[in-house]
Amino acid sequence: MFNIKKITVGVLVALLVVTSGCKEFLDINNNPNQVTAATPELVLPDALAASARYIQTSFPFLNLWMGYWNWSGNYSIGTSDKNYQFTNSFGSGIWDNAYLNLKNYNYIDTQGAELNQPVLQGMAKIMKALHFQILVDTYGNIPYTEALAGVSTASPKYDDQVAVYEDLFNQIDAGLALFDQADQLADQGATVLNPGTNDIMFHGDLDLWREFANTLKLRMLLRQSEKSDRQSFIQAQLTKIKASGYGFLGAGESATVNPGYTNSTNQQNPFFGNYGETVTGTPTELNNQYKANKYGVDFYQTTNDPRLGRYYYPVGGTGTTFNATYFGTIAPVVNSLVSAIGPALLDDASQDAVILSSHESLFLQAEAAQRGWITGTPKTLYQSAISESFINVGLTAAQATTYYSQAVNNVGFDASTNKIEAIITQKWASLNGFSPFESWSDYRRLGYPNVPISQDPSTSIKQIPVRLLYPQSEYNYNAANVNAQGTVSQFTTKIFWEK
């Protein structure tokens, strides 16, 4: 399992002080126009925890779309959730919560600059790049240059998505340069603040932050792999990455956060608290609602993949029988007759929250190596990524070796006719539950794997959406700028890097 990282009671007390009066002990300032009084090193753990909560709980519908989950027959969900015909109110928290937390990272960034704290400032810049990347990947053109200006710009303009993407590389580079500046100051005998355990992701390890930054860059470059007009930009950025010498996140180096999750009210791991159990041990409503998808179950079964029993519980919670239905078909009304979300995803209330897993990083490297973008043997990286995926869900490297040694297409590297498809298929198999956003992004970019569309009879447009719609709040309060984006369709208005 992902290693559990604990922080000191002192940091937890600080968290409680920062969030005094909020609903949850991990809540941060939810009023973007209110000045935050806390020092940036005390805002950092809250912001990182909010990032984890955002990534882990904002995209359950993508687990449906990407063939991981279906809904239980005990629930009648909205038609728009089943046939992709959603409105501007769908997923509005993806937009709203991103910009709320970006305000907090911007506070760390600006205060870090004023207080001459380059480490904190660099971390904030990298995390801002992560959130803006997700926003572009979801919506295309977004408010960017004016987005964090506060009340002085109540109606921020929309920036071109390509320009935003390109500037995110500049922001990451600026963050890396600040880390270098901190190292230089320390070498000169100056005292440089390192947040240490207040950095609940990497505990102040700047080498891991550098690898994380390069991994984010590689993720964004691979997004653009199918666009001929982006190749010169890609190669220029790859040259910078190679020159940095920092490398990427490797085995055992997942970007996870844990501010001290525990089985208490509002202090559980957010994924577990949403889709697992209440503090009294009873299943949450969402645990009862979301069940296994037949596409995922069939894939793991037909490829002899032991991760099957880690991503899903067998019928009745024990034994070897797994039962599921496709997205859009009605699962059995009796929950004991269908497989539930499994133990690798719902270990316990104190489990780490994943922002970017080590196996995702290795799959990114495998694809980049297969494309000739970076050095390294694609087969070795592919097999290492599968092994890391097995280890991260509580299995062993030996089990992974047995699995990927099969002469099966999209399992054994040598047996796979299309190496990119094999890499993306196995990446999809490893991202179940925690990271459906990345699976959706790969599907939009490459069409792998060929997950089935919703089987609901009302699904008139037989296509998984290529994006989300701008939220209704933008049409209410920033109408001129959002209307300038023209008519937006979830089926035809593509993100710039999509095929």
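The values are calculated or read from the model by the stated rules, or taken from the named source; none is laboratory data. Remember, predicted model here, so these are calculated numbers, not experimental data. Please note: Cβ atoms are built from the backbone with ideal geometry, for glycine as well, and neighbour counts cover all protein chains shown. Ligands, DNA and RNA are stripped out before the accessible areas are found, and what is left, the full protein with its side chains, is counted by its heavy atoms. Shrake-Rupley method; radii C 1.70, N 1.55, O 1.52, S 1.80 Å.
A few remarks follow.
- In the set (1) in contact with a helix residue (DSSP H, G or I) (Cβ under 6 Å, 6 or more places away or on another chain); (2) open to solvent by 30 Å² or more (accessible area, probe 1.4 Å); (3) of a type outside the set (K, R), the condition left unmet by V119 is number (2).
- Criterion violated by W209 - all others in (1) in a helix (DSSP H, G or I); (2) open to solvent by 40 Å² or more (accessible area, probe 1.4 Å); (3) in contact (Cβ under 8 Å) with a residue 12 or more places away in the chain satisfied: (2)
- T325 being surrounded by 20 or more Cβ atoms within 10 Å (Cβ to Cβ) and modelled with pLDDT under 95: yes
- Enumeration of residues in the range 258-272 that are within 14 Å of A50 (Cα to Cα) and open to solvent by 10 Å² or more (accessible area, probe 1.4 Å): G260, N266, Q267, Q268, P270
- One residue stands out in the range 298-317 among those that are over 11 Å from A340 (Cα atoms) and free of Cβ contacts under 8 Å to residues at least 60 places away in the same chain: the one that is nearest to the chain's Cα centre (by Cα), namely L308.
- For the range 344-397, a tally of residues being closer than 23 Å to P270 by Cβ, polar (S, T, N, Q) and open to solvent by 20 Å² or more (accessible area, probe 1.4 Å) returns 1.
- Of all residues in the range 122-152 being among the hydrophobic types (A, V, I, L, M, F, W, C) and not in a helix (DSSP H, G or I), the one that is surrounded by the fewest Cβ atoms within 10 Å (Cβ to Cβ): A149
- Among the residues of the range 236-255, those that are in contact (Cβ under 8 Å) with a residue 60 or more places away in the chain and either more than 21 Å from D442 (Cβ to Cβ) or in a loop (DSSP other than H, G, I, E, B) (or both) comprise K240, K242, S244, Y246, F248, L249, G250, A251, G252, E253, S254.
- Checked against (1) touching a residue at least 40 places away in the same chain (Cβ under 8 Å); (2) out of contact with any strand residue (DSSP E or B) (no Cβ under 9 Å at 6 or more places or on another chain); (3) under 24 Å from F437 (Cα atoms), M201 passes all but a single condition, namely (2).
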